[in-house]
Amino acid sequence: MINRLDLSFLNAIKKSFTLNPAIDIVQINFLNPTSSAISYQLVDMLGTVRAEGSVSGTALSLDVQALPNGLYYLRARNAATGFIASGKFVVER
């Protein structure tokens, strides 16, 4: 099952969550992206970074099958504009 999380890097950051809680894959769609890289961090409730990286383009798929049940925060930063977007989702099986 693919879950979707939409993040926007406009002045008004928009977030859209569907199929929350996540089971295996979370699809992150970057609304209004630029051609610059977007760096991201996936952080658990204890503040531990569980995944991080960067992506160019409009979407990122995160495999969350190995993560334990719980609440997770995704922070994404547009390198060109400095805008930061964040969202949260639950992993529950």
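The values are calculated or read from the model by the stated rules, or taken from the named source; none is laboratory data. No experiment lies behind these values; they were computed from the predicted model shown. Note: areas computed on protein heavy atoms with side chains; ligands, DNA, RNA excluded. Shrake-Rupley method; radii C 1.70, N 1.55, O 1.52, S 1.80 Å.
Couple of notes before you dig in:
- Solvent-accessible area per residue, Å², over segment 37-93 with all protein chains present [probe radius 1.4 Å]: 55
- Prolate/oblate/rounded label for segment 37-93 (Cα gyration tensor, a/c 1.5): prolate
- Chain lengthening between residue 23 and residue 69 when straightened (0.36 nm per residue, less Cα-Cα): 15.7 nm
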